[in-house]
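Asks: Here's a structure for you.
Just so it is clear, none of the values below were taken in a lab; they were calculated from the coordinates. All figures in this text were calculated on a predicted structure; none of them were measured in a lab. So basically every Cβ, Gly included, is an ideal-geometry build from the backbone, and we count neighbours across all protein chains shown.
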Amino acid sequence: MTLFRLAGDLSHVLAILLLLYKIWTTKSAAGISGKTQLMFCMVYVTRYLDLFTSFISVYNSTMKVLFISASVATVYLIYFKFKATYDGNHDTFRMEFVIVPALILALIWNYAFTFFEISWAFSIFLEAVAILPQLFMVTKTGEAENITSHYLFALGSYRALYILNWIDRYYFEGHWDPIAVTAGIVQTVLYGDFFYLYFTRVIKGRKLQVLP
Amino acid sequence: EGGNEGHDEL
C-alpha cells in the first residue's frame, strides 16, 4: 500500500467521522444533503459486496465495515433521529439523474459482465458524482458551516490522494485500473471550485460563502 | 488490461 493511499483512506475516514461528529454534537443535519449521504451508503454497500467472498487484509475488511456502518448511521441520523432539522426543501437535486447514468455506464464499462463486477463499477461511477446534491445545496443556500466545509475538504482530498497513489502504482507496480482512475479524476475535478473557495475563505477564518 | 486482479483498494 502506498503512503498516498494510506493518507487518502485516513482522509476519507476523517471526513466521515467529522460529519457524524457535526450532526451528533449539534443534534442537527442542517446544511447536509441527505441525498448525497443516501447515495454514499449505496456506494459502500454495492462496492463491498465482496466483504465475505474475497479477503484482502484485516485493514481492508475493517475499513469496509467502518465505511458501511458509519454511512448507515449518518443516513439514520439525517432521515430519522434528527429528521426535523434536515433541510429537505433545499436538497432538491434529482438522484435518478446520476444513479441511472451510473448504472447504464456500469453495464457498458466493467471488467466482467457479472453481478459483482457490474455492482463494483456502478459503485465507482456513482461515488464520482454522489457529492453533487451536497455541492448543489451549498450553492443554493449560498454558504456552508465550517465543519461542513472541513468535511467536504477531507472528502475531496481523499480521491485526490488516490490519484497520486494510482500514479505511484502505475510507475512502480505497473498496476492500472482505468475505471477507478477515470471516475476518480471526475470526482476530484468536481471539487475544484470548492477547493478554491476553501483555501481562499475557510482557511483565512471566514465562513464559506458562494458569491453570485 | 489491468484492474481485474481483485479490487484491493477501498
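Asks: So how far, in whole Å, is the C-alpha centre of segment A:131-166 from the one of segment A:49-99?
Replies: 16
Asks: Rounding to the nearest 10 and keeping the result within 0 to 90°, find how far the Cα-based axis of helix A:34-47 lies from the longest principal axis of chain A.
Replies: 10
Asks: Angle check, please: helix A:178-190 long axis (alpha carbons) against the longest principal axis of chain A (alpha carbons), in degrees 0 to 90, nearest 10.
Replies: Helix A:178-190 and the main axis of chain A meet at about 10 degrees.
Asks: Could you list, in their original order, any pairs among A:LYS81/A:LYS140; A:LYS35/A:LYS207; A:LYS22/A:LYS81; A:LYS35/A:LYS204; A:LYS83/A:LYS207; A:LYS27/A:LYS83 whose Cα atoms are separated by more than 20 Å?
Replies: Cα-Cα > 20 Å for A:LYS81/A:LYS140; A:LYS35/A:LYS207; A:LYS35/A:LYS204; A:LYS83/A:LYS207; rest within.
Asks: Hey, fewest Cβ within 10 Å first, where do A:ARG206, A:ARG201 land in order?
Replies: So the ranking, lowest neighbour count to highest, is A:ARG206, A:ARG201.
Asks: Over all pairs of distinct alpha carbons, what does the Kirkwood formula give as the hydrodynamic radius of segment A:73-126, in Å?
Replies: 13.1
Asks: No solvent, one uniform scatterer per C-alpha: report log10 I(q)/I(0) for segment A:115-160 via the Debye equation at q = 0.14, 0.20, 0.30 1/Å, two decimals.
Replies: Ignoring solvent entirely, the Cα scatterers give -0.44, -0.73, -1.08.
Asks: Additional query: Just to confirm the number: angle between the C-alpha axis of helix A:115-129 and the first principal axis of chain A, 0 to 90 degrees, nearest 10?
Replies: Between helix and principal axis, roughly 40 degrees.
Asks: Now for a different question. For the protein assembly as shown, take the alpha-carbon Rg, divide it by the Kirkwood Rh, and send me Rg/Rh.
Replies: 0.96
Asks: While we're here: Send over the Kirkwood Rh of segment A:55-185, from the inverse of the averaged 1/r over different Cα pairs, rounded to one decimal Å.
Replies: 17.1 Å is the Kirkwood radius here.
Asks: Given only helices, namely DSSP H runs of n ≥ 4 each adding -39500 (n - 2.57), what is the per-residue ellipticity at 222 nm of chain A, to the nearest 500 deg cm²/dmol?
Replies: Calculated at 222 nm, the ellipticity per residue is -22000 deg cm²/dmol.
Asks: If contacts are Cα pairs under 8 angstrom and at least 6 residues apart, what is the relative contact order of chain A in percent?
Replies: Computed over chain A, the figure is 31 percent.
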